[in-house]
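Below: the structure, in C-alpha cells.
The values are calculated or read from the model by the stated rules, or taken from the named source; none is laboratory data. All figures in this text were calculated on a predicted structure; none of them were measured in a lab. For neighbour counting, all protein chains shown are included, and Cβ atoms are generated from backbone atoms with ideal geometry for every residue, glycine included. These accessible areas exclude ligands, DNA and RNA; they are computed on the full protein's heavy atoms, side chains included. Shrake-Rupley method; radii C 1.70, N 1.55, O 1.52, S 1.80 Å.
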Amino acid sequence: MASAAITNALTIDVEDYFQVSAFAPYIARDDWDRRECRVERNVDRILQLLADHGTQATFFTLGWVAERYPQLVRRIVDGGHELASHGYGHERASDLTRDAFMHDVTRAKGLLEDVSGQAVHGYRAPSFSIGRRNLWAFECLARAGHRYSSSIYPIRHDHYGMPDAPRFAHRVHGDLLEVPATTLRLFERNLPCSGGGYFRLLPYPVSRWMIRRVNAADGQAAVFYFHPWEIDAQQPRIDGIDAKTRFRHYVNIPRVERRLGQLLRDFRWGRMDHIFLRGGATAPLKQAA
C-alpha cells in the first residue's frame, strides 16, 4: 500500500538505448538515425503503466526525440505528466563549453515548448554532468528560463558525481532550484537510492527500504529516475562493448517493469514541478498575436 505521508518525484529520462553516454565510444552520433528506434514504444508502455496506477511523473526528454516523435511528446502532456528537458542531443554538460551548453539547452527548451505548447521549467543534464568544474551551467539554465534543475548526483562515481553537494533541494543561481538525485546518508557516506542501474542491481526490498528511510529519517521527498530502455529486454545488443559497460547496461532489465509496478504501489508519486515548485502546474504558453 502506498505511503500517504510524502509524495516522491517519479522521473523518466527519455532517451533511446543507443544514446546512453557509456555507449558513446562505440556508437557514432552520426549513426543514430540509422539505428532501430524503440523509444516511442517503450514510453507508450510507461504511459500505460502510469495510467494503470493513477500516477503522474516528469519526463526529461531529449530535443532529438521530440523532433522525431512530436506525437509522443503530446501523449506525455495529454496524460497529465510534466514535460522537462534533457538537453538536445544527450551531450554531457561537462564536455561542452559555456556557449555550446547555452545553445544546447536553449535549442532543446524551445523545441519542446513548440511541440507541446507547454512551458518547460525543468532540466536534467545527461549523466548528471553538472559538478564543481562547470557550476556556470546553472547561470545558463537560469538565463534560458528554467526554474529548476535535477543535474547533480551527490555520490562518488567513475562517470559523474559531486559527493559534497547538498543532498536535497537548494537554490543555486537566483531563484533556480537544484533538486539532486536522492541519496541515503549511511556510515558517513551518500549511498545512491534514486533508481537507474542501482534499481536494477539491488534487490527490490533494499531499494524500497532506502527510499522509506529517506522519507522517514530525513522527512524529504525522494527523486527516482529510470530510462525507457530499462524496460526493454528485446533491445538490440551493442557489439564490442567492454564487460563493465555490458553489465551496467543489461543487468536485470527483464525484471524492471515488474519492480516498477511494485514501486508505484508502495509509494505515492508525482511530478517534479508539483512537488518542488510553488504554484506547481505548468501553464500553456500564450499564442503569438
- Report, in whole Å, the centroid distance computed from the Cα atoms of region 63-94 and region 188-266. 21
- Note on the structure: For region 47-105, inverting the pair-averaged 1/r of distinct alpha-carbon atoms gives a Kirkwood value in Å of 12.7
- Message: If I take R0 = 30 Å and measure r between the Cβ atoms of Gln48 and Arg68 in this structure, what FRET efficiency does the formula 1/(1 + (r/R0)^6) give, to the nearest 0.05?
- Response: 0.90
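Are there any GluC sites (Glu not before Pro) in region 1-79 that are in a DSSP loop and have at most 15 other Cβ atoms within 10 Å? List them by number.
Within region 1-79, the qualifying GluC sites (Glu not before Pro) (loop, at most 15 other Cβ atoms within 10 Å) are Glu36.
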- Accessible area per residue, Å², the chain with all protein chains present, probe 1.4 Å: 45
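Going through region 1-68, which chymotrypsin sites (Phe, Trp or Tyr not before Pro) have at most 16 other Cβ atoms within 10 Å and a DSSP loop state?
Those that pass, being in a loop and sparsely packed, are Tyr26.
For the chain, what % of the accessible area comes from carbon and sulfur atoms, probe 1.4 Å?
On the way: 6320 of 12970 Å².
For the chain, the apolar C and S fraction of the accessible surface comes to 49 percent.
Among all stretches of the chain without exposed trypsin sites (Lys or Arg not before Pro) (DSSP loop, at most 13 other Cβ atoms within 10 Å), which one is longest? Show your work: numbers first, answer last.
Numbers: sites that count: Arg156, Arg237, Arg278, Lys286.
Between exposed loop sites, the widest span is 1-155.
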